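Below is one structure, written out as structure tokens; the observations come after it.
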Amino acid sequence: MSPQPSAELSVTEAQTLLDRFTCADLTASPSPEDPAAVRQALLLVARESEYQMLGLCADSREAALKALQDYLPALGYATPVDPAAVPDIEGPVYVKFNGRSETYHASAYPEKYRGVLVSCQSSDADGVNGTYGHFPLDLFA
């Protein structure tokens, strides 16, 4: 479902690069040293999966929706973000987007982490299954 990134990385190399963001104790959206390489790696692993689920941890509903509006087209989703599907929650939020059903879930988010988690899902054993992030909310802005 994802567009083709300009390829120089193997899937294994892309996963290794993305692993630097996985389970990191980050209190703010991380700033990658090379955002283009992170975008390329993320697009590559997403392309090797059937669909993705995104978890957006943001200071506000508006910030989460803005990030979702940037990430979805980058990952190959043509459906526009539906703000009406995300309840108006005051303060920090967690917004989850399921790429298979194209549905949303939102809740208040009292934790300190900010950024985007991308969970790649594949039913094929050779496909990519894994969760990566937290990536910067503005990685694809």
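Step by step: first the residues of region 88-104, then only those that are loosely packed, with under 14 Cβ neighbours inside 10 Å and of a type outside the set (Asp, Glu), then the one that is nearest to Ala46 (Cα to Cα). Which residue is that?
Ranking the qualifying residues of region 88-104, first place goes to Arg100.
Restricting to region 59-75, name every residue that is within 14 Å of Phe97 (Cα to Cα) and either in contact with a Pro (Cβ under 6 Å, 6 or more places away or on another chain) or among the aliphatic types (A, V, I, L, M) (or both).
Ala64, Leu65, Ala67, Leu68, Leu72, Leu75
Among the residues of region 96-105, are any within 17 Å of Phe140 (Cα to Cα) and either hydrophobic (A, V, I, L, M, F, W, C) or at pLDDT below 95 (or both)?
The answer is yes, given that some residue of region 96-105 is within 17 Å of Phe140 (Cα to Cα) and either hydrophobic (A, V, I, L, M, F, W, C) or at pLDDT below 95 (or both).
Taking interchain pairs and intrachain pairs at least six residues apart, which have beta carbon atoms under 7 angstrom, with the first residue in region 61-86 and closer than 10 Å to Phe140 by Cα and the second among the small types (Gly, Ala, Ser)?
If the second residue must be among the small types (Gly, Ala, Ser), the pairs left are Ala67/Ala58; Asp70/Ala141; Leu75/Ser2; Leu75/Ala46.
Just give me the residues in region 88-113 being assigned to a loop (DSSP other than H, G, I, E, B) and either more than 18 Å from Leu72 (Cα to Cα) or under 12 Å from the mean Cα position of the chain (by Cα) (or both), in sequence order.
If the condition is that a residue be assigned to a loop (DSSP other than H, G, I, E, B) and either more than 18 Å from Leu72 (Cα to Cα) or under 12 Å from the mean Cα position of the chain (by Cα) (or both), then Asp88, Ile89, Glu90, Gly91, Pro92, Gly99, Tyr109, Pro110, Glu111, Lys112, Tyr113 are the ones that fit.
Evaluate the following for Pro80: is it modelled with pLDDT of 95 or more and either open to solvent by 10 Å² or more (accessible area, probe 1.4 Å) or in contact with a His (Cβ under 6 Å, 6 or more places away or on another chain) (or both)?
Here the answer is no, as Pro80 does not meet what is asked.
Tell me which of these Ala125 doesn't satisfy, since it passes every other one: (1) of a type in the set (A, V, I, L, M, F, W, C); (2) at pLDDT below 95; (3) more than 24 Å from Ser49 (Cβ to Cβ).
It fails just one condition, (3).
The values are calculated or read from the model by the stated rules, or taken from the named source; none is laboratory data. The structure displayed is predicted, hence computed values, not measured ones. So basically every Cβ, Gly included, is an ideal-geometry build from the backbone, and we count neighbours across all protein chains shown. Each accessible area value is taken on the protein alone, full model and side chains, heavy atoms only, with ligands, DNA and RNA left out. Shrake-Rupley method; radii C 1.70, N 1.55, O 1.52, S 1.80 Å.
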